[in-house]
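What follows is a short report on a single structure.
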Amino acid sequence: MRASRLARTLGLDGNPLRRRTDKIAAFLGVLLVAAFLIGAPVVARAAIGWVSRVAAAEQQAMRSWHQVPAVVQKAAPAPAAWEVSWVPARWTAPGGRPRTGQIPVSDAVAAGQTIRLWVDAAGTPTGPPPGQAPVELDDVATAAVAVVALGVVLLCLMGAGRFVLDRRRLAGWEAAWADVGPQWTKRFRSRG
């Protein structure tokens with residue numbers, strides 16, 4: 001029973017009333033599903049490769065990050081939960097050049113207090129390097145977005161194909177009615 005329903009859905013049941021456009025629509029649907037099933041792993045793999053190359057370049061840059069001691073120049077109260085306060089501080093860049101600027105702190109600090117600060121090779125404050133979990137999450141998220149984008153593109157192609165086929169169907173019905181319509185309208189006029 002299921003095989004016959006699938007054959008009817010795909011237009012393979014030999015129905016003599018099935019139009020050519022119906023067969024083309026069924027073939028287009030099968031073709032796009034196959035394209036998705038084949039293309040989704042390929043697109044996901046390509047997206048993961050691209051994100052991995054970007055992440056590798058970022059990790060190379062992060063290898064030059066160092067923690068340096070920074071001396072707070074002005075006291076700051078403890079910020080609210082999940083917030084940071086910006087305080088002026090003084091620190092020495094990895095090249096030995098002294099630097100000053102605003103740095104983020106998440107706890108109360110006193111003037112003259114020394115805190116550990118992550119800086120890049122130029123001595124600019126940065127956050128701590130991310131762990132492995134965010135990198136893996138980026139891989140998964142990028143693969144998912146790529147697969148969804150492939151699905152959206154294929155659905156748009158399906159919609160465009162259906163639009164073109166529907167226009168051809170309507171043109172065919174109109175042509176058929178132009179042949180048969182005058183015969184029917186004469187009959188109805190003669191009756192009444």
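Annotations
- Approximating the spin labels as points 7 Å out from Cα along Cα→Cβ, the Leu137-to-Phe163 distance works out to 3.9 nm.
- Nearest-20 debye value, region 34-192 charge dipole, Cβ charges on Lys, Arg, Asp, Glu: 920 debye
- Percent RCO, i.e. relative contact order, over region 36-129, from Cα pairs under 8 Å lying at least 6 residues apart: 30 percent
- Area accessible to solvent at Met158, 1.4 Å probe radius, in Å²: 50 Å²
- Max mean-square fluctuation residue, GNM over the chain, Cα-Cα springs under 10 Å, options Gly161, Gly151, Gly14: Gly14
- Average Cα contact separation per residue, region 84-192, under 8 Å, 6 or more apart, as relative contact order %: 15 percent
- Legend: helices of the chain (whole DSSP H runs) are marked when their alpha-carbon atoms reach 20 angstrom or more along the helix axis and their mean Kyte-Doolittle hydropathy is at least 0.5; marked are 20-62.
- Taking all protein chains as shown and a probe of 1.4 angstrom, Leu137 keeps an accessible surface of around 110 Å².
- Region 1-158: relative contact order as a whole-number percent, Cα under 8 Å and 6+ apart: 25 percent
- For region 15-36, the residues whose backbone nitrogen is under 14 Å from a point 7 Å from the Cα of Val180, taken along Cα to Cβ, are 17-19.
- 10 Å beta-carbon shell around Arg19, net charge (K/R +1, D/E -1): +4
- When the chymotrypsin sites (Phe, Trp or Tyr not before Pro) in region 25-101 are filtered for DSSP coil states and for at most 10 other beta-carbon atoms within 10 Å of their beta-carbon, the remaining sites are Trp82.
The values are calculated or read from the model by the stated rules, or taken from the named source; none is laboratory data. Quick caveat, the model's predicted, so the values are computed rather than measured. Positions of Cβ are backbone-derived with ideal geometry, glycine not excepted, and every protein chain shown enters the neighbour counts. The area values use the complete protein model at the heavy-atom level, side chains included, leaving out ligands, DNA and RNA. Shrake-Rupley method; radii C 1.70, N 1.55, O 1.52, S 1.80 Å.
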